[in-house]
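The values are calculated or read from the model by the stated rules, or taken from the named source; none is laboratory data. Computed from a predicted structure; not experimentally measured. Note: ideal-geometry Cβ built from the backbone for every residue, glycine included; neighbour counts use all protein chains shown. Calculation scope for accessible area: heavy atoms of the full protein, side chains included, ligands and nucleic acids excluded. Shrake-Rupley method; radii C 1.70, N 1.55, O 1.52, S 1.80 Å.
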Amino acid sequence: MVKIAIAGVCGKMGSRILTLAESDGSVEVVGVLELAGHPNVGKDIIFRREKIKIESVASGVFSKSDVVVDFTTPYATLDFLKESVKMGKPLVIGTTGFNGEQTEEIKSASQKIPIVFSPNMSLGVNLLFKLVKEVSGVLSDYDVEIVEFHHNQKKDSPSGTAAKLAQIIAESLGKNPIYGRNGITGPRKKDEIGVFAVRAGDIVGEHTVYFAGTGERIEMTHRAHSRDCFATGAIVAAKWVAQKEPRLYTMQDVLKIS
């Protein structure tokens, strides 16, 4: 049985991971974390009829675990990353919104501990990553646009998934992502990948990639009906990475999608 600690347990994703882990007999939640100052620190959560105290000091929680699963914020993740390296604990990172310097810090840490780092943990989205790359190679002359929808509380834009889709297409076609358009922009440039973010209501997540040519277009869409597809993927990743060698892995590695 893999013992996991959940960082950000009171968040939308952390709470779903906790719930789904309860019915997975191959994992056990042994510790839960929130940042110091969070109103729930010191309170108990229930896992399989047992009380687990929500803590703010990572060292005590990490010492009991085999793997740490983190869905927090970039700055919180980097704090937990340092503790994971210090204690030699594998880490699953589902947090998004990292800048280049922060991403490099994660890459550097993966030389010391195994890390699964992915902007999206769902099987469907990771399959979309693969398919978008294949379609880009065939429809290289088509205009490409990406539109993503999320709930009105999402803090980062574009979503990590949209940014990853744009990166895949940019690397395949040598095009440049642009984030939104405003004013008199002139005719669309052939080397653009337009990326647009919608924030409204309680939308869990939707991503559409448009390949538009003369007289036709192809639309590739993934819609998340609930957060359970992401939470399930995070648990799968935690079980998978528990015995891996230090390296930076993605959900493509976990799901064996090449």
Cβ-derived FRET efficiency at R0 51 Å, Ile184 paired with Asn40, nearest 0.05:
0.55
Here the FRET efficiency for Met87 versus Asp228, based on Cβ atoms and R0 = 35 Å and rounded to 0.05, is 0.75
Return the carbon/sulfur percentage of the accessible area of the range 191-258, one whole number, probe 1.4 Å, all protein chains in place.
49 percent
Just subtract the alpha-carbon distance of Gln102 and Ser56 from 0.36 nm times their residue separation and send over the number in nm, one decimal.
14.4 nm
With each label point set 7 Å from Cα along the Cα-Cβ vector, what nm distance links Glu22 and Arg217?
4.4 nm
Starting from the Cα of Asp79, step 7 Å along the direction of its Cβ; do the same at Ala200; then give the gap between the two resulting points in nm.
3.6 nm
Sorted by chain and number, the residues with a modelled amide H under 5 Å from that of Lys3, at a separation of 5 or more or across chains, are Glu28, Asp66, Val67
Across Lys82/Lys244; Lys43/Lys64; Lys112/Lys256; Lys12/Lys244; Lys112/Lys239; Lys12/Lys155, pairs whose alpha-carbon gap is larger than 21 Å:
Lys112/Lys256; Lys12/Lys244
Rolling a 1.4 Å sphere over the protein heavy atoms, what is the accessible area per residue of the chain, to the nearest Å²?
49 Å²
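Of Met220, Met87, Met1, Met121, which has the most accessible area with a 1.4 Å probe, and how do the rest follow in descending order?
Working: Met220 30, Met87 65, Met1 130, Met121 5 Å².
So, going from the largest accessible area down, we get Met1, Met87, Met220, Met121.
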With θ taken as phi - 60° and the coefficients 6.51, -1.76 and 1.60, list the Karplus ³J(HN,Hα) couplings across the range 64-70 in order, rounded to whole Hz; mark glycine and proline as x.
8, 9, 8, 9, 10, 10, 10
Give the aspartates and glutamates whose C-alpha is closer than 12 Å to that of Lys154, dropping any in the same chain fewer than 8 places away, or say none.
Asp202
If each of Ala170 and Glu134 carries a label point 7 Å out from its Cα toward its Cβ, how far apart are those two points in nm?
2.5 nm
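The range 145-258: Rg/Rh from Cα coordinates, Kirkwood Rh? Before the final figure, lay out each step's value.
Numbers: Rg = 16.7 Å, Rh = 16.3 Å.
Dividing the radius of gyration by the Kirkwood radius yields 1.02.
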Under the Karplus relation 6.51 cos²θ - 1.76 cosθ + 1.60, θ = phi - 60°, what is the ordered set of whole-Hz ³J(HN,Hα) values for the range 84-96, x standing for Gly and Pro?
4, 4, 4, 9, x, 9, x, 9, 10, 10, x, 5, 10
With only helices counted (DSSP H, runs n ≥ 4, each -39500 (n - 2.57)), the per-residue ellipticity at 222 nm for the chain, to the nearest 500, works out to -10500 deg cm²/dmol
Expressed as a percent, the accessible surface of the range 59-154 that is carbon or sulfur, using a 1.4 Å probe and the full set of protein chains, is 51 percent
